Amino acid sequence: MNLMLIPLVILAGMGLSLEAGLIGPLGTEVGHLWATLSIFGVGAVLTGLLVLFFSPRNAPSFSTQPGWKLLGGVLGPVYVVVLTLATPVIGIGMTMIAILSGQVAKSVLIDHYGWFGTPHKKVGGERLLALLFIVAALVLIAWD
């Protein structure tokens, strides 16, 4: 098993938490359906441009929004590529628990600090214990 892929998958899982944190404030500004469309649209445009070797362009309708609100569209294709690379090598179970580990760890940080305009939720012992159990599951699955 290629253990070097696990940190990459954990980072990809962290990206999912960032994506969720980015779409909320954008939805507040432009509407939830438009925010959802923009997150997937930006990712589709980015992927298409990478495939065709073009430079990214800003859509005029998004020009009034801060760039960080559109970052979630970049994270989706990265996640899919990491899944595509890691799953055949380390298996679905290992890939998913590694994604979950990164996702929960980053989510706890986002909640604790109230990043991206999300409500501030102090990290308590229960959340840290839950994260510890997820990391323990990662270690146990990797051990197999």
Exercise. If you check Asp144 against the conditions, is it surrounded by 17 or more Cβ atoms within 10 Å (Cβ to Cβ) and of a type in the set (Asp, Glu)?
Worked result: no
For this session: For the stretch 4-13, state whether one or more residues are modelled with pLDDT under 75, under 20 Å from Ile134 (Cβ atoms) and either open to solvent by 30 Å² or more (accessible area, probe 1.4 Å) or not β-branched (Val, Ile, Thr) (or both).
Result: yes
Seminar exercise, completed: Scanning the stretch 117-141 residue by residue, those open to solvent by 50 Å² or more (accessible area, probe 1.4 Å) and either among the polar types (S, T, N, Q) or touching a residue at least 60 places away in the same chain (Cβ under 8 Å) (or both) turn out to be Gly117
For this session: Of the numbered conditions (1) part of a helix (DSSP H, G or I); (2) surrounded by 13 or more Cβ atoms within 10 Å (Cβ to Cβ); (3) modelled with pLDDT of 85 or more, Thr87 fails exactly one; give the number of that condition.
Result: (3)
Exercise. In the set Leu70, Leu49, which member is modelled with pLDDT of 80 or more and over 18 Å from Lys106 (Cα atoms)?
Worked result: Leu49
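The values are calculated or read from the model by the stated rules, or taken from the named source; none is laboratory data. Owing to the predicted nature of the structure, the values given are computational and were not obtained by experimental measurement. We place every Cβ from the backbone using ideal geometry, glycine too, and count neighbours over all the protein chains shown. With ligands, DNA and RNA removed, areas are computed over all heavy atoms of the protein, side chains included. Shrake-Rupley method; radii C 1.70, N 1.55, O 1.52, S 1.80 Å.
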